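Here the structure comes first, spelled out in C-alpha cells, and everything after it is commentary.
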Amino acid sequence: MARRKVALAAGIGAAMIAVLGITVHANAGTAPQLRPVDGAVPAPAGVAPEMFAALQRDLRLTPAQARDRLTTDEKASRVQEVLRTSLGNRYGGTWISRDGKTVTVGVTDEADAATVRALGAVPTRVLRSEAQLDAHVARLDAHSAKAPSTVKVWYADTTENTVVVLTHAAGLKAARAFALAAGVDPAAVRVEVTTEDPRTYIDVIGGNAYYMSGGGRCSIGFSVNGGFVTAGHCGRTGTRTTQPSGTYRGSTFPGRDYAWVQVDAGNTPRGLVNNYAGGTVAVAGSTEAAVGAAVCRSGSTTGWRCGTIQQKNTSVTYPEGTVSGVTRSNACAEPGDSGGSWLSGNQAQGVTSGGSGNCRTGGTMYFQPVNPILAAYGLTLVTSGSNPPTTPPPTSNPPGGTTWQAGSVYATGATVTYGGVSYRCLQGHTALVGWEPPNVPALWQRL
C-alpha cells in the first residue's frame, strides 16, 4: 500500500482568545492550548486544569457552574451504577437535565420511585425499560446489512424512551420500512431527518500519534496492561506500529470499532493522557458517565474539546459499514483525532470512532466505550498511581461492623453502624452524602 502523504496547511498565526477566564493558544500545526488565566478558580481535585478550562469554554460555563456540573455528573454515574443492577428490567435509564442540575431516572414500575428518590434523583414513569430499548436497537443492528444508504444512525433515546432512526430527507419512507422489516415495534421508533454523513477519522495531522506499517496514522486511546486501546478502523490484527512499536493483537471494525496494540519491550504504558498543553491528565478509572454528563476528548488535531453525552447504544453507518454500541456526543472532532481519548472528569469513557462536522462549525461525534474493549480482550486499564484504582477494593469490615462514612467503598455483605443501628450492605457501592443506610433501603438492610 502506498504511503499516504498528508498535506499540511500553511502556518497559522498564534491567536489568543479570552473566554470565561480561559486563554486559548492556537499554534501552527498543533492543537489548541488551554491554560487557566492567573487568578482563575482552580480545577476540582482529580480534574486536570486543561479539562476544567475546556468544559468552561465549550459548555459556556462559569468556573462555579463547571464545578457543580462535575459534581452532578459523578452523582449520576453512581446512581446509574446502583439502579441498573438493583432494578434490573424495571430500570429505564439515567440522564442529566440540559442545565446540568437534575438527575432523572426512568422506572417502569411506580413502586420503584421511592428508591430513586432515596438516592437523590428524580423518578419518572416510562413505558419501556433500558433493556427493551436495547433489544430494539439489537434488532436494527442484526438487520444493518439491509439498511438503506440514506439511513445513517440509530440509537436508544433514553430521555424520550424511544428508538430513533436518523435518515437523509430523501429516505424517510425507506427508513420506516427498514425499521419495520427489522421487527421493531413501530410505536417504539421515531424517524428523524439528519444532514449527518459520518466518516471515520483515520488520518492524524500533527501531535501525539502512532504509525501503522502499511501507512497511515492514528492516536492512542488509553494505556492497558501490555499496550493501549484505540479505534478498530485504524488497523487490523497483526499490523505493526511504530512510535511506539508494537503489534495489533485484536481489531474489530465494522460491527464495533475497537482494537488493542501490544507494545514491544521498552515501551511503558502509563495511566496518562496528553493534554496538548505541555502536560498530561491522570486517568483514575473507567466509571461510565450518564446521558447528559459533560465529556471531553483529547485529539492530536483539535486538542481538548468538550460537550455532553447525548445518547448511548447508538448505531452509525460509515462508508465501510455499520458500527453499533457507540456513544453519541456533540464534542467536536476532526480527521486526525481517531482513536483518541474521551474522559468524564478523570474517568475514561472511550476512544474516538468518527462523526460529522468539525470544530469550526460544530458536529456530531461517536466514541467506542472503553469498558467493552477491556472486556472483549481481557485487558486492565492502567491508571495513575496517585489516583484510586479502576475497580475500588471492597471495604474490609471488622466483626460487628464499622461506622458508615460517605466516600467509603462497601462490598455486598459488609456491615456498618449508623445512628447506633447495624446494617448489612445489599449491593456493593461507593457511599455518597445522602445515601445513609436509613435513607436507601435498596442498598442497606437493617439488622
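Hey, could you check segment 420-435 for residues that are modelled with pLDDT of 80 or more and out of contact with any helix residue (DSSP H, G or I) (no Cβ under 7 Å at 6 or more places or on another chain) and say which is nearest to Ala114 (Cα to Cα)?
Residue satisfying both the conditions and the ranking: Trp435.
Filter segment 147-176 down to the residues that are among the small types (Gly, Ala, Ser) and surrounded by fewer than 15 Cβ atoms within 10 Å (Cβ to Cβ) and list them by number.
Ser149, Ala169, Ala170
How about segment 223-243: which of its residues are touching a Phe, Trp or Tyr at 6+ places or on another chain (Cβ under 9 Å), of a type outside the set (Ser, Thr, Tyr) and farther than 11 Å from Tyr258 by Cβ?
Val224, Gly226, Gly227, Phe228, Gly235, Arg236, Gly238, Arg240, Gln243 - these are the residues of segment 223-243 that are touching a Phe, Trp or Tyr at 6+ places or on another chain (Cβ under 9 Å), of a type outside the set (Ser, Thr, Tyr) and farther than 11 Å from Tyr258 by Cβ.
Got a number for residues in segment 282-291 being buried (at least 24 other Cβ atoms within 10 Å of the Cβ) and more than 9 Å from the chain's Cα centre (by Cα)?
Matching residues across segment 282-291 total 1.
Inside segment 337-366, can you point out the residues that are touching a Lys or Arg at 6+ places or on another chain (Cβ under 8 Å) and farther than 21 Å from Ser324 by Cα?
The one that is touching a Lys or Arg at 6+ places or on another chain (Cβ under 8 Å) and farther than 21 Å from Ser324 by Cα: Cys359.
One residue is enough: does segment 116-133 have a residue meeting the conditions open to solvent by 30 Å² or more (accessible area, probe 1.4 Å) and closer than 14 Å to Ser324 by Cα?
The answer is no; no qualifying residue exists.
All but one of (1) in contact (Cβ under 8 Å) with a residue 40 or more places away in the chain; (2) within 20 Å of the chain's Cα centre (by Cα) hold for Lys101; state the number of the condition that does not hold.
Of (1) in contact (Cβ under 8 Å) with a residue 40 or more places away in the chain; (2) within 20 Å of the chain's Cα centre (by Cα), only one is false for Lys101: (1).
Looking at Gly106, Gly93 in this structure, which one is buried (at least 21 other Cβ atoms within 10 Å of the Cβ), in contact (Cβ under 8 Å) with a residue 40 or more places away in the chain and either in contact with a helix residue (DSSP H, G or I) (Cβ under 6 Å, 6 or more places away or on another chain) or assigned to a helix (DSSP H, G or I) (or both)?
Gly93
Name the residues in segment 154-192 that are farther than 15 Å from Ser129 by Cβ, of a type outside the set (Phe, Trp, Tyr), outside any helix (DSSP H, G or I) and touching a strand residue (DSSP E or B) at 6+ places or on another chain (Cβ under 9 Å), would you?
Val164, Val165, Leu166, Thr167, His168, Val184, Val189, Arg190, Val191, Glu192
Quick one: in segment 259-281, of everything that is open to solvent by 10 Å² or more (accessible area, probe 1.4 Å) and small (Gly, Ala, Ser), which residue is farthest from Arg57 (Cα to Cα)?
Selected residue: Ala265.
Would you pick out the residues in segment 293-313 that are within 16 Å of Val326 (Cα to Cα) and either polar (S, T, N, Q) or open to solvent by 10 Å² or more (accessible area, probe 1.4 Å) (or both)?
Thr308, Gln310, Gln311, Lys312, Asn313, listed by residue number.
Return the residues of segment 341-387 that are within 26 Å of Arg249 (Cβ to Cβ), more than 12 Å from the chain's Cα centre (by Cα) and either surrounded by fewer than 18 Cβ atoms within 10 Å (Cβ to Cβ) or not β-branched (Val, Ile, Thr) (or both); say none if nothing qualifies.
Correct list: Gly354, Leu374, Ala375, Ala376, Tyr377, Gly378, Leu379, Thr380, Leu381, Ser384, Gly385.
Looking only at segment 189-215, filter to residues that are on the phi > 0 side of the Ramachandran plot and surrounded by 15 or more Cβ atoms within 10 Å (Cβ to Cβ); which one of those is modelled with the lowest pLDDT?
Taking the candidates together, the pick is Gly206.
Would you point out the residue of segment 234-256, among those that are open to solvent by less than 20 Å² (accessible area, probe 1.4 Å) and in contact (Cβ under 8 Å) with a residue 40 or more places away in the chain, that is farthest from Thr317 (Cα to Cα)?
Gly250
Within segment 189-197, is there a residue that is touching a residue at least 12 places away in the same chain (Cβ under 8 Å), in contact with a Gly (Cβ under 6 Å, 6 or more places away or on another chain) and among the acidic types (Asp, Glu)?
Among the residues of segment 189-197, not one is touching a residue at least 12 places away in the same chain (Cβ under 8 Å), in contact with a Gly (Cβ under 6 Å, 6 or more places away or on another chain) and among the acidic types (Asp, Glu), which makes the answer no.
Cβ-Cβ below 7 Å, separation at least six or inter-chain, first residue in segment 35-46 and closer than 16 Å to Arg69 by Cβ, second assigned to a loop (DSSP other than H, G, I, E, B) and modelled with pLDDT of 80 or more: which pairs?
Gly46/Ala284; Gly46/Gly345; Gly46/Asn346
The values are calculated or read from the model by the stated rules, or taken from the named source; none is laboratory data. Given the structure is predicted, the values throughout are model-derived calculations rather than measurements. Heads up, the Cβs are rebuilt from the backbone with ideal geometry, glycines too, and the neighbour counts pull from every protein chain shown. With ligands, DNA and RNA removed, areas are computed over all heavy atoms of the protein, side chains included. Shrake-Rupley method; radii C 1.70, N 1.55, O 1.52, S 1.80 Å.
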